[in-house]
1. List pairs: first residue in region 16-35 and closer than 15 Å to LEU50 by Cβ, second residue part of a helix (DSSP H, G or I) and charged (D, E, K, R) anywhere in the structure, Cβ distance under 7 angstrom, at least six positions apart or on different chains.
2. Please enumerate the residues belonging to region 1-41 that are hydroxyl-bearing (Ser, Thr, Tyr) and closer than 16 Å to LEU60 by Cβ.
3. Collect the residues in region 40-56 that are crowded, with 16+ Cβ neighbours inside 10 Å and more than 12 Å from GLN6 (Cβ to Cβ), keeping them in residue-number order.
4. Please name all residue pairs, on different chains or six or more residues apart, with Cβ atoms under 6 Å, provided the first residue is in region 54-80 and is free of Cβ contacts under 8 Å to residues at least 40 places away in the same chain and over 19 Å from TYR29 (Cβ atoms) and the second residue is of a type in the set (Gly, Ala, Ser) and in a loop (DSSP other than H, G, I, E, B).
5. Out of the residues in region 57-77 meeting the condition of being out of contact with any helix residue (DSSP H, G or I) (no Cβ under 9 Å at 6 or more places or on another chain) and within 18 Å of SER9 (Cβ to Cβ), tell me which one is surrounded by the fewest Cβ atoms within 10 Å (Cβ to Cβ).
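Quick note: the coordinates plus some simple rules give every number you see, no bench work behind them. Small disclaimer: the values here were computed from a predicted structure and weren't measured. All Cβ positions, even for glycine, are placed from backbone atoms using ideal geometry, and neighbour counts span all protein chains on display.
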Amino acid sequence: MTQHTQQHSTWLAARAADLSANDLWAHYYSVGGTLESFELDAYLHGMYPLPLGDRNMVALALNELIDDLPRRPKAEFVDTPLDQ
C-alpha cells in the first residue's frame, strides 16, 4: 500500500462515518497523537504527507471512533515499512 492509498482510505472512511477532521483530531490527540489539528486536516485532504507511524496512529484513532458507530468502512493499516 502506498502513502496515497492509505491517506485516501482514511479520508473515505472518515467521510463515510461523517466524522470531521476536528472529531478525529480530538480522539487522535487523546490516544497520544502529536499532530496539530490543521496538519491532520491537511493530511486527510491529501495535502500533507505523514510518516508511516503517524498515518497508522490516525488510522487507529479513526477506526476506534468508527467502532463506536454503526458498521462502516475502516481505514487501512500498513504492516511493513516498505513504502514509507
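1. ALA21/ASP41; LEU35/ASP54
2. SER9, THR10, TYR28, TYR29, SER30, THR34
3. Listed by number, the residues that qualify are LEU40, ASP41, ALA42.
4. Partner pairs satisfying both residue conditions: none exist.
5. Across region 57-77, the extreme among qualifying residues is ARG71.
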